[in-house]
1. Where the second residue is surrounded by 15 or more Cβ atoms within 10 Å (Cβ to Cβ) and not hydroxyl-bearing (Ser, Thr, Tyr) and the first is over 20 Å from residue B:225 (Cβ atoms) and lies in the stretch B:173-192, which pairs have Cβ atoms under 7 Å and are six or more apart or on separate chains?
2. Can you work out which of the residues in the stretch A:392-410 that are open to solvent by 30 Å² or more (accessible area, probe 1.4 Å) and assigned to a strand (DSSP E or B) is farthest from the other protein chains (Cβ to nearest Cβ)?
3. Pick out the one residue from A:86, A:74, A:45 that is without any contact (Cβ under 8 Å) to a residue 40 or more places away in the chain, more than 14 Å from residue A:170 (Cα to Cα) and not small (Gly, Ala, Ser).
4. Identify the residue in the stretch B:290-316 that is touching a residue at least 24 places away in the same chain (Cβ under 8 Å) and more than 11 Å from every other protein chain (Cβ to nearest Cβ) and, among all such residues, is farthest from residue B:188 (Cα to Cα).
5. Output the qualifying pairs, or none if there are none: Cβ atoms under 6 angstrom, residues six or more apart or on different chains, first residue in the stretch A:441-463 and under 14 Å from residue A:304 (Cα atoms), second residue open to solvent by 10 Å² or more (accessible area, probe 1.4 Å) and part of a loop (DSSP other than H, G, I, E, B).
6. Restricting to the stretch B:235-286, count the residues that are within 14 Å of chain A (Cβ to nearest Cβ) and part of a helix (DSSP H, G or I).
7. Output the helices (runs of 4 or more DSSP H) that fall wholly within the stretch A:411-528 and possess 3 or more residues being within 14 Å of chain B (Cβ to nearest Cβ) and open to solvent by 10 Å² or more (accessible area, probe 1.4 Å), or say none.
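The values are calculated or read from the model by the stated rules, or taken from the named source; none is laboratory data. None of the values given here were measured: they were computed from a predicted structure. Because the Cβ atoms are built from the backbone with ideal geometry, glycine has one as well, and the counts that use them run over all protein chains shown. Ligands, DNA and RNA are excluded from the accessible area calculation, which covers all protein heavy atoms including side chains. Shrake-Rupley method; radii C 1.70, N 1.55, O 1.52, S 1.80 Å.
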Amino acid sequence: MISRSRCWLGLLILVALPCQAVAETVCGDARGGAAVVSLPSEPRTFNPMVARDAASLSVLGVLMEEAVGVHSRTSEPRPLLAEEWTLSEDRKQLHFKLREGARFSDGQPVTVDDVLFTFTALLDENVGAPQRDLLLQGGQHVGVVKVDERSIRLEMEKPHAVGVRMLDSLFILPRHRLLEAYRSGTLGDAWALDAATEVVGAGPFQVQSYEPGVELVLERNPHYWRSDGDGDSDGDARLPCLDRLTLRFESNPDRAVARLGAGETDFLSGLSAERFELLQRSRSDGLEASALDLGPGLTYDLIVFNSNTPGPLPAREWLDEVAFRRAVSMAVDRQAIARLVYRGRAEALRVHIASTDPIWGVEAAPISVDVAAARQVLADAGFGWRDDQLVDDSGRRVRLSLIHSAGNANRGRIAAILQEDLRKLGVELVVVPLEFASLVERLFEKRDYELALLTLARGDFDPNPDVSVFSSTGANHVWDRGPRDPLPAWQQDIDRLLAEQMFEPDQDRRIEMYRQFLALLQEHVPVVPLTARHSLVAYSDRLGGVDAGLLGHPLLWNVEEVYLREERD
Amino acid sequence: MSAESRSRIRISRRTMSVAAFVALLTILGLADLLVPYSARTQHREHPLEGPSTWRWLPEEGFALCQPRNSAESGPQQGTCATWSLLVEGEVVSVLGRWGSSLHLVGSDPGQTVSSPGFVLGTDSLGRDVWSRLVLGGRVSLAVGAGATLLALGLGLLVGTTSAVAGDRVDAVLMRCVDLLLSIPWLLVVVALRAALPLDLRPEVMLVALIVLLGLMGWMRTAQLVRNVVIETLRRPYVDAARSLGASLPHIVRQHLVAPTTHVLRGQALLLLPSFIAAEVTLSFLGLGILDPMPSWGQMLADISVDSLLRHWWLLSPAAALAGVAWLCHLLARRMVRGRVV
């Protein structure tokens, strides 16, 4: 790229001053061009009011814009359609001011009325938007008030702990396009997959064409608010840098890697460690792409003990025993899983949060496997051994089954490791891979399993999404779907801590509450967290401006800043 | 080459392939004693270690040495572990019953070496590939042979019933066969696994798999047997036998046993490799044989795209499967020629 090389010359010969003037623009001279991003799955909808899956949300993030977003790497809030905001001292009022000159892709300005409409729809029970729960934490009402032509005030009854971050992923909708559908009660049906070209948003790109199962071709939104440079929006130079962005759906990861090697794809995420290392090695063979390890990601593997009532007998009696669960946790060699299954590209977990988490993580301490101590814990709890097979106090042999999703080689390997680790305790573990639909049925409907090996994803660094997994009434509280009466005291404590932290204005106290919650988890072991695998991405050398992080899609979150380097000989 | 010497060669080749088959069965039968490690032991410090090389060390005897330039072998490279005959090692259960700690060959206990040595390398969890290949071969072949026997039995029963009863029974049975042939059996197996109780032991799963594959694979045999029987019963010499007052058992013995046996033998040699391949497919998908029981399909499931070239030893089950299929093919060809000549 010419501007950058000039900048380097400046650095070498003179001082850094001429460099600054050139580097101030995001794209430099590299404007235009088309990039291809490979996505493992297709979006299910283009309607933010019904979108729940990661693929739909990634795509919507490119087509639409929020008032305030979150930086993928630092997790800091970043101003998008709102140019500034203030949170009142008691954290009950959030005041934000819309940017002037922001427009939707059809050229209509983004106004306060659009924001009001968006919040009305989000809070409407009949629409049933998934984000509604996040806004109405604890059933509290949120008031939305128009202050003037550019300002909005959100009023909450309780102080809102996450503050402005709650605006993340709340895409501002064009009122002039959707009002009619909302009034007739069909907002949820709008912008389905067959209406791709009708979608209007304030994001950096708009839909050009959509071929189901193959690709979604996006072109630049000429009205995108962000200008490339010092904020002088009169000039023509607006972001995004790219003219065209193609999202290609490639469910076969091997083919996706091959396409990157052939130069047909520019960006890949969610790589397995094997493919990552393959790409790394191919670089020395002339592959023009680099592989990047972003560190432990937000997904984690865990063992779940079925605690539903009525549970499977007699396994239920063993699983109810906290000593038994603790012994399992002590005997499992998490380091071996990280090393053998993920080739070292995973962190062995003590709790479900990786040590690299900026705020909430716990210190990384080596997790030792202690089979002798685990056997002692079992012996103290009344278990015994016959021919080195574990038996409970009434003489029954301890045999357990572990279900997991078939067709995933890595989970199969983890299961084989668990099988050997539990054998050291004298527990015979029968591993049952199930096809995904029957796994879900067993977990959520029939609830007749003993142990399950699952992979869950945290939506954010912030602990709020954990509420849905660890709170006894949460939608994703897999291991005890309730209702249960009475709840164990520690689960009541967890529920209380998770509910209170949502409204705790003091960040330090909030962290303290979260640490207490993690300590309760470690003490009572309702689940055994195993490993957090690294988030691995690869991108072609043509791409510039990549700032991959763990939140959201590692490339699409700031795709407006991504540019194509000039081809050089 | 004279006709006589050619036929002698043919006989010796035939003997050879039969001998190879018998040798294979013997190896698999005594597998527990022949393998140096148990199939489930995970040598977690040695994942994806390459095959060791045999060396003769004048002082110590035979030794297995790690490849020098293997990327996975860690810092201490090029060390050798001595191996001897009849070594005490891990306890294995011979044919699933008698515990024995004696191995025909094995790494000498008590050595301080970086790696005990693996004849065919290790898989991603550090399990010995050679041991798993042999023990898994027994499982895969048992599934194949068991399912073949079941399929042949069912095919013979339905085929002869259909041919002898004739008319309506024949029509109903053959339409049922057509119907069953059109079922996508993989989906049936997947659905069935979800319906079975979770805590089935691997041994029970093995039997279930045999029954399942047998039930899914008898239809062609039934069609063939039926056709052969009908065709034979229409022959003039059968009519002649009947008109001379020969009893049904006599006709069956004299005229039906030979052609049906021939069909069954041919079918057996075709079905065996295809059932083994079916087991491999199912286990590859994680729906067949379960850990800790090894099988060829399970071993192949461990392969990733990255392993194909770098960890070639993981492909040994595929080679073994190809070998068995080839052996069956050879035997089948001998059989056909033997009849024609």
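1. Between residues of the stretch B:173-192 that are over 20 Å from residue B:225 (Cβ atoms) and residues that are surrounded by 15 or more Cβ atoms within 10 Å (Cβ to Cβ) and not hydroxyl-bearing (Ser, Thr, Tyr), the close pairs are B:185/B:216; B:189/B:212; B:189/B:282; B:189/B:287; B:190/A:435; B:190/B:287; B:192/B:212.
2. Ranking the qualifying residues of the stretch A:392-410, first place goes to A:397.
3. Exactly one residue qualifies, and that residue is A:86.
4. Across the stretch B:290-316, the extreme among qualifying residues is B:313.
5. A:448/A:312; A:450/A:312
6. 4
7. Where helices (runs of 4 or more DSSP H) fall fully within the stretch A:411-528 and carry at least 3 residues being within 14 Å of chain B (Cβ to nearest Cβ) and open to solvent by 10 Å² or more (accessible area, probe 1.4 Å), they are A:436-440.
For every residue, the table says whether it meets (1) away from every other protein chain (no Cβ under 14 Å); (2) at pLDDT below 95; (3) not in a helix (DSSP H, G or I).
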residue	(1), (2), (3)
A:236	yes, yes, yes
A:242	yes, yes, yes
A:245	yes, yes, yes
A:263	yes, yes, yes
A:278	no, yes, no
A:294	yes, yes, yes
A:310	yes, yes, yes
A:326	yes, yes, no
A:340	no, yes, no
